[in-house]
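The structure under discussion appears below in the form of structure tokens.
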């Protein structure tokens, strides 16, 4: 493959990295009576064919008019660049290792265009000068930072089974899961719209009505909690709470299914300390009041928790590695030039050079709206 300069490869990588990779469409169902070798989807679009068997040294891209300057000056040689399958796949591996086969044609076209542009830029002498050198220096820093991040991720992913088992045994509370029922009592009552139209309330009157409404719902939450502890049906009690609140929407399902401590707000995590059959006290937050009943409690098996533990350990290792690198240096900025330090407006996106990806957090059960 003709050498065209590192900036060309960087250009192709940046262009591809900004393009959204389309998600694969669901596999079409094969109608009864047809074999699995059907070649079309339900819309009549041909399925993606298997990659043809092409030898590693076979040309897969030929670009006429793009070649080294020495080849371009030789009359007997045709100016062209040939890229073999092995060379192209090496490029793909550097840009996006898991690039789907169906989009490689589009990437190959972009790469060929980038090669042509870089050749023209060299003919115009745009690869000479302080601006070009500085941009290449910055590009090198960025690539090396990304390579370090990748190396750290690879190292952090090497987690032995014993480490996973030790973490599981040392953190039993994190893998407790309970099945609960819950009653949600809104904070205030919803006033009829027609009542608001008929009478304009002053600010003091509105505040007084809000306080009375909040007290009514607080008293109702205490009554519902006592009735729940006495064994009354949670679904019935939930419906009564919504009726008193004046909500016309359907009352939420009281069954919460299986939840864990890290899936609840801190103010409600004490629910996991209940014993099966016990009802919690009234738990208050900004949106309203909550009453839980613990139905059952169990510990998640290690096999189910294994991947989660692996992700937790990987994320912690990566953060520790990154912290060690960042703390090994201490930049000092001249305040006379840069001005005083100000709080950052937003964090760098996870996965940016030098920034480890954020760990995946468990989903929080949807609360009442």
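The overall shape of the stretch 131-237 is oblate: from the C-alpha gyration tensor, with semi-axes ordered a ≥ b ≥ c, the ratio a/c is 1.5 or greater and a/b is no larger than b/c. Rounded, prolate or oblate, given the Cα gyration tensor of the stretch 261-340, with a/c below 1.5 counting as rounded? Judged from the Cα gyration tensor, the stretch 261-340 comes out oblate (a/c at least 1.5, b/c at or above a/b).
Placing R0 at 45 angstrom, the Cβ-Cβ distance between residue 273 and residue 329 gives a FRET efficiency of 0.50 after rounding to 0.05.
With a/c under 1.5 counting as rounded, go ahead and sort the stretch 172-299 into rounded, prolate or oblate using the C-alpha gyration tensor (a ≥ b ≥ c being the square roots of the eigenvalues; past the cut-off, prolate if a/b is larger than b/c, else oblate). In terms of gyration-tensor shape, prolate.
Extension gain for residue 222 to residue 173 (0.36 nm times residue separation, less C-alpha to C-alpha distance): 14.7 nm. In terms of the mean number of neighbouring beta-carbon atoms within 10 Å, the peptides 318-331, 83-96 order highest first as 83-96, 318-331.
With the simple spin-label model, which puts each label point 7 Å out from Cα in the Cβ direction, the residue 89 to residue 136 separation comes to 3.1 nm.
Read-outs throughout are calculated quantities, based only on the coordinates presented, and are distinct from any laboratory measurement. Fair warning: this is a prediction, and the values are worked out from it, not measured in the lab. For neighbour counting, all protein chains shown are included, and Cβ atoms are generated from backbone atoms with ideal geometry for every residue, glycine included.
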